[in-house]
Amino acid sequence: MNWLAVWTIYRHEMMRALRTMLQSLISPVITTSLYFVVFGTAIGSRIEQVEGVSYATFIVPGLVMLTVLVQAVNNASFGIFFPKFVGSIYELLSAPVSYLEIVIGFVGAAATKSFIVGSVILITASVFLELHVAHPVMMFVMLAVTCVVFSLFGFIIGIWARNFEQLQLVPLLIITPLVFLGGSFYSISMLPPAWQTVTFFNPVVYLISTYRWTFFGEADVSLPFALAMIGLFAAVCLTVIWRMFRTGYRIRA
């Protein structure tokens with residue numbers, strides 16, 4: 001493993017994030033603050049409690065997941081798409097760097113940036129609310145796992161996309177709706193039985209449910225089953241990335 005190559009790619013991506021700090025950090029914080037004002041205050045005043053906690057507190061894990069998932073996909077997809085767009089990807093492919101090292105560098109940087117944004121969102125939430133986390137260590141572990149898994153998914157999108165329109169298509173039309181329909185602002189148990197069954201086909205449900213468990217000690221989905229589904233999704237992403245590099249799909253041409 002060429003850790004110098006991994007570090008070089010990682011550092012380059014992190015430096016790019018520093019140059020776009022307004023977009024990378026400040027914008028998600030402002031957006032999340034607006035969610036707290038609208039959902040936590042306006043709707044929370046009409047819904048007293050959900051599963052034994054106040055509605056404003058209940059939506060915190062969902063808001064963190066909403067921001068982190070979108071940020072992870074956007075950071076990873078743009079990180080690998082831009083070298084393709086400007087042509088510098090060929091220099092990277094011709095260098096003595098393995099595909100695994102390329103993936104670790106880009107995905108690691110995207111996951112780090114998303115993890116920082118998620119941590120800042122938690123700090124922002126603590127300004128509005130008094131948070132009590134039942135499993136603080138697992139809370140940060142699951143945050144890191146989510147960042148890595150969806151950075152892998154974003155990496156796939158970055159390789160697949162041919163232009164900037166396609167780059168924004170999946171996060172806008174797929175990721176965001178899946179998060180909203182995955183229990184970010186409500187409990188799955190509040191849905192009719194038929195819709196509960198449909199919801200369980202949404203992979204984001206398992207991430208939000210597990211992350212909510214780290215806060216309140218309760219989840220809509222069995223914890224072992226949710227972890228197994230998260231692991232399966234990560235394995236699928238890794239397999240797709242391996243296949244893309246092996247065949248040169250939209251990389252060499």
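For N163, neighbours were defined as the other residues whose beta-carbon sits under 13 Å from its Cβ, and their charges (Lys and Arg +1, Asp and Glu -1) total +2. For the chain, the longest principal axis of the alpha carbon atoms and the long axis of helix 60-86 meet at an angle near 10°.
Working note: 222 nm ellipticity from helices only, DSSP H runs with n ≥ 4, each -39,500 (n - 2.57), summed and divided by the residues of the chain, gives -22500 deg cm²/dmol to the nearest 500.
Charge tally around T210: other residues with Cβ under 13 Å, Lys/Arg +1 each, Asp/Glu -1 each, net -1. Relative contact order of the chain: 26 percent, from C-alpha pairs under 8 Å at least 6 residues apart in sequence. Angle check, please: helix 3-19 long axis (alpha carbons) against the longest principal axis of the chain (alpha carbons), in degrees 0 to 90, nearest 10. With both axes taken from Cα atoms, the answer is about 60 degrees.
In the chain, a dipole from Cβ-located charges (positive for Lys and Arg, negative for Asp and Glu) runs towards its positive end, and of G118, G105, V37 it is G105 whose Cα lies farthest in that direction. Charge dipole (Cα centre; +1 on Lys/Arg Cβ, -1 on Asp/Glu Cβ; no other charges) of the chain amounts to roughly 820 debye.
Helix 223-247 against the longest principal axis of the chain: what's the angle in degrees, Cα atoms only, rounded to the nearest 10? It works out to around 20 degrees. Applying the Kirkwood pairwise sum to the alpha-carbon positions of the stretch 62-247 produces a hydrodynamic radius of 17.2 angstrom.
Taking the chain as a Gaussian network of alpha-carbon nodes connected by springs under 10 Å, the highest mean-square fluctuation of the residues P203, P136, P193 belongs to P193.
For the stretch 192-200, backbone phi angles converted through the Karplus equation (6.51, -1.76, 1.60; θ = phi - 60°) give residue-by-residue couplings of x, x, 5, 6, 4, 4, 5, 4, 5 Hz, Gly and Pro being listed as x.
If you average 1/r over all unlike Cα pairs in the stretch 55-121 and invert the result, what Kirkwood radius do you get in angstrom? All intermediate terms of the calculation are to be shown ahead of the outcome.
Values: mean 1/r = 0.0747 Å⁻¹.
Answer for the stretch 55-121: a Kirkwood hydrodynamic radius of 13.4 Å.
No lab work stands behind these numbers, since they all come straight from the coordinates. All figures in this text were calculated on a predicted structure; none of them were measured in a lab. We place every Cβ from the backbone using ideal geometry, glycine too, and count neighbours over all the protein chains shown.
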